[in-house]
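Report on one structure; see the data block that follows.
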Amino acid sequence: MEEGSRESGLGPDWAELTHECLINILSRLTLEERWTGPMIACKSWLSACKDPSLNSTFDLDRLFESSTELARWWTPEFERIIDSMLRSVISWSDGNLTEIRTRHCSDLSLNFAAQRYLLVFSGEVLC
């Protein structure tokens, strides 16, 4: 950090954290927290959020525990959001996705996951 920025009272430049440091920090956040914060902060943080080590699970199950937003869950728009998230995590996982937990996504997304992982598991289907 330059001396001038310290004297002016500015804090550290968070965009300059190393990739390893970012991964360490981001690994402490849930999937939802990463999608609603760091992913939209800056390009380097978005890139870090795409690291395969952060995308080994897709767990949105706890979002469905609240009945207060029940009607919103079954709209086409909500389905598109969940599908987009799932497809992104599958792509970013680099074949290391071990768990999908959600109560809502389209058949197209499930088909995308199955096709992607049929290749990873060399044709072995685990049910």
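FYI, it's all coordinate maths here, none of it is from the lab. Keep in mind that what you see is a predicted model, and the values were worked out from it rather than measured. Counting neighbours? That spans all protein chains shown, and the Cβs are built from the backbone with ideal geometry, glycine included.
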Arrange the following residues from fewest to most other Cβ atoms within 10 Å of their Cβ: 100, 40, 81.
40, 81, 100
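Expected output is a single nm value to one decimal: the length gained when fully extending between residue 114 and residue 42, i.e. 0.36 nm times separation in residues minus the C-alpha distance. What is it?
Working: separation 72, 0.36 × 72 = 25.92 nm, distance 3.19 nm.
Once the chain is fully extended between residue 114 and residue 42, it gains 22.7 nm.
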Estimated distance in nm for a label pair at residue 29 and residue 96, the labels positioned 7 Å out from Cα along Cα-to-Cβ
1.8 nm
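Going by how many other beta carbons lie within 10 Å of each one, how would you line up 109, 84, fewest first? The partial results should precede the final answer.
On the way: 109 21, 84 13.
By the 10 Å Cβ count, ascending: 84, 109.
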Net +/- balance of residues flanking residue 54 in space, Cβ distance below 14 Å, scoring K and R +1, D and E -1:
-4
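So how do 14, 35 line up by other beta-carbon neighbours within 10 Å, fewest first? Please report the intermediate quantities before stating the final value.
Working: 14 13, 35 18.
Ranked by crowding around the Cβ, least crowded first: 14, 35.
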